[in-house]
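Heads up: the structure comes next, in structure tokens.
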Amino acid sequence: MFTYKDLIEDKIDCVKDLWEKNRLFHKENSNGFSTDYDGLSFKERMKVLFNKSAMRKITIVENEEKQIIAYCMSIITEAKLGEIATLYVEDNCRRVGIGKKLLQLHIKWFVENNINNVGVEVLHNNFSAISLYESVGLRKDTLKMRIPIDELATVKLK
């Protein structure tokens, strides 16, 4: 049995370890952009999120032993767009509906706040996350393509 709880900002540090696992996952799977995650700290990332929006929802999931096994953070931007900012579920707790339930709770919050457009950024090769987001109705939109500037020297420009 799992318990879903909304957090207030000053309790955010309780998800730091899970956030760090999420950062490392992205670093290892980022297709040549691992340096994006090298200097990224929990404190700085939370500061960016909290400065980006005054409207935010932070939900944790606890197991029966009261261990935090998942979290989701979402914001509503000044442009009135809903953004799923970060979501993580412990490896051994996946595929039992926790991520989907978190997304449903956050989408409900977006609806309650009259948001009619919700987005999330996901690594192109994170197929399980893509499938999860699609399971609650999100659809692929644009594809962001990049190249690290130091690799441009190896690309033949004509």
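Derivation of every value follows stated rules applied to the coordinates shown; laboratory data play no part. Note that this is a predicted model, so its numbers are computed, not measured. Cβ: placed from backbone, ideal geometry, glycine included. Neighbour counts: every protein chain shown.
Suppose a student asked you for the relative contact order of segment 5-149, using Cα pairs under 8 Å spaced at least 6 residues apart; what percent would you report?
Working: 173 pairs, mean separation 28.5, N = 145.
Here the relative contact order equals 20 percent.
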Each residue of segment 51-58 in turn: what ³J(HN,Hα) in whole Hz from Karplus with 6.51, -1.76, 1.60 and θ = phi - 60°, glycine and Pro shown as x?
6, 6, 7, 8, 9, 8, 10, 10
Given labels modelled 7 Å from the Cα in the Cβ direction, how far is it in nm from Lys80 to Glu44?
3.4 nm
If I model a spin label as a point 7 Å beyond the Cα along the Cα-Cβ vector, how far apart are those points for Ala54 and Asn92 in nm?
4.3 nm
Under the Kirkwood approximation applied to all pairs of distinct alpha-carbon atoms, what is the hydrodynamic radius of segment 1-49 in Å?
12.3 Å
Any idea what the dipole of segment 3-154 comes to, in debye rounded to 20, about its Cα centre with Lys/Arg Cβ at +1 and Asp/Glu Cβ at -1?
420 debye
Considering the options Gly119, His26, Thr86, tell which one lies farthest towards the positive end of the dipole of the chain, charges being +1 on Lys and Arg and -1 on Asp and Glu at the Cβ, about the Cα centre.
Gly119
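Just subtract the alpha-carbon distance of Lys100 and Ser128 from 0.36 nm times their residue separation and send over the number in nm, one decimal. It would help to have the intermediate numbers written out before the result.
Values: separation 28, 0.36 × 28 = 10.08 nm, distance 1.16 nm.
So the extension gain works out to 8.9 nm.
For Thr142 and Asp17 in the same chain, what is the full-extension length gain: residue separation times 0.36 nm, less their Cα-Cα distance, in nm?
On the way: separation 125, 0.36 × 125 = 45.00 nm, distance 3.08 nm.
Full-extension gain reported as 41.9 nm.
Which value, in nm² and rounded to one decimal, describes the direction-averaged projected area of the C-alpha convex hull of the chain? Numbers along the way, then the final one.
Details: hull surface 43.8 nm².
Averaging across all directions leaves 11.0 nm² for the Cα convex hull.
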